[in-house]
1. Only one residue in GLY134, GLY116, GLY148, GLY175 is surrounded by 15 or more Cβ atoms within 10 Å (Cβ to Cβ), within 21 Å of ASP54 (Cβ to Cβ) and touching a Gly at 6+ places or on another chain (Cβ under 7 Å), so which one is that?
2. Answer yes or no as to whether VAL91 is away from the ligand (no atom under 16 Å from the Cβ) and over 13 Å from the mean Cα position of the chain (by Cα).
3. Determine the pairs where a residue that is at pLDDT 95 or above, located within the stretch 129-153, has a partner that is of a type in the set (Ser, Thr, Tyr) and in a loop (DSSP other than H, G, I, E, B) with Cβ atoms under 6 Å apart, the partner being 6 or more residues away or on another chain.
4. Looking at the stretch 88-114, I want the residues that are farther than 23 Å from HIS128 by Cβ and have a partner that is at pLDDT below 95 and surrounded by 14 or more Cβ atoms within 10 Å (Cβ to Cβ) with Cβ atoms under 9 Å, at least 6 apart or on another chain. Which pairs are those?
5. From the residues in the stretch 119-131 that are part of a loop (DSSP other than H, G, I, E, B) and surrounded by fewer than 22 Cβ atoms within 10 Å (Cβ to Cβ), which one is farthest from the ligand (Cβ to nearest atom)?
6. Can you tell me which residue within the stretch 94-118, out of those that are of a type in the set (A, V, I, L, M) and under 12 Å from the mean Cα position of the chain (by Cα), is nearest to the ligand (Cβ to nearest atom)?
7. Determine, yes or no, whether ASP169 is open to solvent by 60 Å² or more (accessible area, probe 1.4 Å), more than 14 Å from the ligand (Cβ to nearest atom), more than 16 Å from TRP68 (Cβ to Cβ) and charged (D, E, K, R).
8. Go through the stretch 153-182 and give me each residue that's over 14 Å from VAL114 (Cβ atoms) and out of contact with any Asp or Glu (no Cβ under 9 Å at 6 or more places or on another chain).
Amino acid sequence: MTTVSSAGHSRRDFLYIATGAVGAVGAAAALVPLIAQMNPDASTIAAGAPVEIDLAPIADGQIVKVFWRSKPIFIFHRTKHDIELAQNVNVASLPDPAPDSERVKAGHEQWLVVIGICTHLGCIPLPHEGNYDGWFCPCHGSQYDSAGRIRQGPAPKNLYLPPYTFISDTKIRIGEESTKSA
Ligand code: FES
C-alpha cells in the first residue's frame, strides 16, 4: 500500500510517500499497525533492504520524496521541458561535469532519482526552487538543475544517485542496481 499526502511545500504539488508502507512490510502490516511496529521486516528496511516504489501516481513535473536507509530520496517525473533543459547544457562548464544520460536510466529519461542531501553540508534541498528547474538548498544557497547537478553555490558535487533499477515501466526498486532496463 502506498501512502501519498500533500505537503504543500512548493509551488507545484510536492508529495511525500511513506516508503515504510511500500516495501516488504506491505499492506498486511498497514492493516495491523501494532504488529507492524514489531515486524522485523521494518528494521530490515531501515537497515537498507531495497524498497519498491510505484511511479504511476507521480504526475508529470512532480517531485516526490521517499526514504531509503533513512535517507530522503527525490523522484522527479521530468517533463519534456525539464529533460531538454537538462540535456541542452554545456557539460564541460558544469562544476561537476556529467551528461544528463549519466544521471538517468536509458529509456526512462523522464525519471530522475537522487539522494536528497545537499553535497555541501547535508541540508535537504527544496524541490522546484532556484534558477535551474531543480532544487535550492536554503542553508547556503546551492542550486541544482533538473538532472540534480550542482549549478551554483558552494556544494562541490551533484546530488548523489542511489542504486536503483526499473522492475517495470512504472516501478523501481531502490537499493538494488541493475544494468538492465525494464
Ligand atoms: S548545505 Fe546546502 S548549500 Fe550548504
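1. GLY175
2. On the way: away from the ligand (no atom under 16 Å from the Cβ): yes; over 13 Å from the mean Cα position of the chain (by Cα): yes.
Judged against the criteria, VAL91 is a match.
3. Close Cβ pairs satisfying both conditions: GLY134/SER146; GLN143/TYR132; ASP145/TYR132; ARG151/TYR132; GLY153/SER142.
4. Qualifying pairs under 9 Å: GLY107/ALA182.
5. Filtering the stretch 119-131 for residues that are part of a loop (DSSP other than H, G, I, E, B) and surrounded by fewer than 22 Cβ atoms within 10 Å (Cβ to Cβ), the one farthest from the ligand (Cβ to nearest atom) comes out as ASN131.
6. Filtering the stretch 94-118 for residues that are of a type in the set (A, V, I, L, M) and under 12 Å from the mean Cα position of the chain (by Cα), the one nearest to the ligand (Cβ to nearest atom) comes out as ILE117.
7. For ASP169, the condition - open to solvent by 60 Å² or more (accessible area, probe 1.4 Å), more than 14 Å from the ligand (Cβ to nearest atom), more than 16 Å from TRP68 (Cβ to Cβ) and charged (D, E, K, R) - is met.
8. Within the stretch 153-182, GLY153, PRO154, PHE166, SER168, ASP169, GLY175, GLU176, GLU177, SER178, THR179, LYS180, SER181 qualify.
The values are calculated or read from the model by the stated rules, or taken from the named source; none is laboratory data. Just so it is clear, the structure is predicted and the values come from calculations on it, not from any experiment. All Cβ positions, glycine included, derive from the backbone under ideal geometry; neighbour counts span all protein chains shown. The area values use the complete protein model at the heavy-atom level, side chains included, leaving out ligands, DNA and RNA. Shrake-Rupley method; radii C 1.70, N 1.55, O 1.52, S 1.80 Å.
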